[in-house]
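Take a look at the structure set out below.
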Amino acid sequence: MLFKKILGSPTLKPGDQAPSFEALDQDGQARRLADYAGGWLVLYFYPRDDSYGCTKEACSFRDEFEGFRGLDTTIVGVSVDDVASHKAFATRHKLGFPLLADTSKKVSRDYGVLMAVGAANRVTFIIDPNGVIRDVVEWAMWDSYGETIRNRLQAARNST
């Protein structure tokens, strides 16, 4: 139980309405949950830009990007790092999707993924076009994270 408390296990589950959010992306543009209404959204939280696992995870999403686009799905990453950190991270690794700067930690807190150390836990929410969470994925393998999430997305889409 202590381990889950430290890691910030998500309190949201499939069937829950996704909490609304607003945060700046790596280009300083405000992004909101409402911006993605009508389409599928993969909202992934990660601890820190440029850490080994987070870089592998982001690059895995980048490498699977066309598969997600083929499923009419948007990928959005969230961490508590700031806009400048996200800009450098996205540029360095050629990430073609928004990274939200949750510097207030409100988004991470609302999604129940804020760890005791003040960073977001590695958790992904698959959200349907109506804003309903269809799947929650915790800690898949970094190198194949994008593929794992794409497969889970396909399963979620097939079950609706």
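A few remarks follow.
- Among the residues of region 69-93, those that are assigned to a loop (DSSP other than H, G, I, E, B) and at pLDDT below 95 comprise L71, D72.
- A140 falls short on exactly one of the conditions (1) farther than 22 Å from R62 by Cβ; (2) buried (at least 17 other Cβ atoms within 10 Å of the Cβ); (3) at pLDDT below 95, and that condition is (1).
- Filter pass, S60 being farther than 18 Å from L12 by Cα, touching a Phe, Trp or Tyr at 6+ places or on another chain (Cβ under 8 Å), assigned to a helix (DSSP H, G or I) and among the small types (G, A, S): yes
- Residue that is surrounded by fewer than 17 Cβ atoms within 10 Å (Cβ to Cβ), out of contact with any helix residue (DSSP H, G or I) (no Cβ under 8 Å at 6 or more places or on another chain) and in a loop (DSSP other than H, G, I, E, B), where the choices are G38, G96: G38
- Subset of region 64-86 (residues that are closer than 23 Å to N158 by Cβ and touching a residue at least 24 places away in the same chain (Cβ under 8 Å)): E64, F65, G67, F68, L71, D72, T73, T74, I75, V76
Yes/no matrix, rows are residues, columns are (1) touching a Lys or Arg at 6+ places or on another chain (Cβ under 7 Å); (2) crowded, with 17+ Cβ neighbours inside 10 Å; (3) of a type in the set (F, W, Y); (4) assigned to a strand (DSSP E or B):
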residue: L100; (1), (2), (3), (4): yes, yes, no, yes
residue: S104; (1), (2), (3), (4): no, no, no, no
residue: S108; (1), (2), (3), (4): no, yes, no, no
residue: F125; (1), (2), (3), (4): no, yes, yes, yes
residue: P129; (1), (2), (3), (4): no, no, no, no
residue: D135; (1), (2), (3), (4): yes, yes, no, yes
residue: E147; (1), (2), (3), (4): no, no, no, no
residue: N151; (1), (2), (3), (4): no, no, no, no
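- The set of residues in region 110-123 being of a type in the set (A, V, I, L, M) and either crowded, with 23+ Cβ neighbours inside 10 Å or at pLDDT 95 or above (or both) consists of V113, A120, V123.
- Out of S159, S85, S144, S60, one residue alone is of a type in the set (G, A, S), on the phi < 0 side of the Ramachandran plot and touching a Gly at 6+ places or on another chain (Cβ under 6 Å). It is S60.
- Among residues that are among the hydrophobic types (A, V, I, L, M, F, W, C), in contact (Cβ under 8 Å) with a residue 60 or more places away in the chain, under 16 Å from E147 (Cβ atoms) and buried (at least 17 other Cβ atoms within 10 Å of the Cβ), F89 is not included.
The values are calculated or read from the model by the stated rules, or taken from the named source; none is laboratory data. Everything quoted here is computed from the prediction, not taken from an experiment. Using ideal geometry, Cβ is built from the backbone for each residue, glycine included, and neighbour counts are taken over all protein chains shown.
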